[in-house]
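Student: Provided herewith is a single structure, encoded as structure tokens, for subsequent inquiry.
Laboratory data are not the source of any read-out in this text; all were calculated from the coordinates shown. Owing to the predicted nature of the structure, the values given are computational and were not obtained by experimental measurement. Because the Cβ atoms are built from the backbone with ideal geometry, glycine has one as well, and the counts that use them run over all protein chains shown.
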């Protein structure tokens, strides 16, 4: 992949559409295609080198506008604020929460406990998982303990807010992959990334090489 593609994709995912005026409509569309194409393999490369996360999770969802309608970005961080996983869904219900939970457990294993806010849908999904697999994930519905993940949403929303929404669900998914990837790199979640003295941008290039 061309280094220019890396840098432009990185800037686009990090800053939203603030470059639209500089690049023009055609250039912005090209950058958008790059982000959609390259974000998934970069996130997959990062996942293979990601630091381990803790077994105490905080789970929540936030709003993302897609084609003029609200969609839902499910996110989880551990007790130290490290991003565990994320999933964009069309609905905000037990089924969506279950999809996110299944994806995250498949990737990272069984947590000891999950802290949520007052969401009955999220609680029902965790109970359903316990019943289906004979697990004993402890559910803690304590809002102030869940402030950690709610505050962490800001790192993502700060980038998506200037975008004024996405034109398609697929574009939103791929762009959010890039945004979440940069958010995790900034938090030092790449194994040995900070030990090598690499900046988040340099870690990004290392993943792409």
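Student: Please arrange 102, 199, 83 by how many other C-beta atoms lie within 10 Å of their C-beta, fewest to most. Walk me through the numbers on the way to the answer.
Tutor: On the way: 102 15, 199 12, 83 21.
The order, fewest Cβ neighbours first, is 199, 102, 83.
Student: So, in Å, what gap is there between the alpha-carbon centers of the range 157-209 and the range 98-147?
Tutor: Centre-to-centre (Cα) distance: 25 Å.
Student: Another question, if that's okay. Give the order of 59, 182, 163 when sorted by the count of other beta carbons within 10 angstrom, beginning with the fewest. Please report the intermediate quantities before stating the final value.
Tutor: Details: 59 26, 182 22, 163 19.
The fewest-first ordering by Cβ neighbours comes to 163, 182, 59.
Student: Considering the range 56-152, what Rg and Dmax in Å follow from its alpha-carbon atoms?
Tutor: Final numbers for Rg and Dmax: 12.5, 41 Å.
Student: Which shape class, rounded, prolate or oblate, goes with the range 105-194 when its Cα gyration tensor gives a ≥ b ≥ c as root eigenvalues, a/c under 1.5 marks rounded, and past that a/b bigger than b/c marks prolate? Could you put the intermediate results ahead of the total?
Tutor: Details: a/c = 1.81, a/b = 1.57, b/c = 1.15.
Verdict is prolate for the range 105-194.
Student: Give me the percent of DSSP beta bridges within the range 30-148 that run antiparallel, rounded to the nearest 5.
Tutor: Values: 16 of 23 bridges.
Roughly 70 percent of the DSSP beta bridges within the range 30-148 come out antiparallel.
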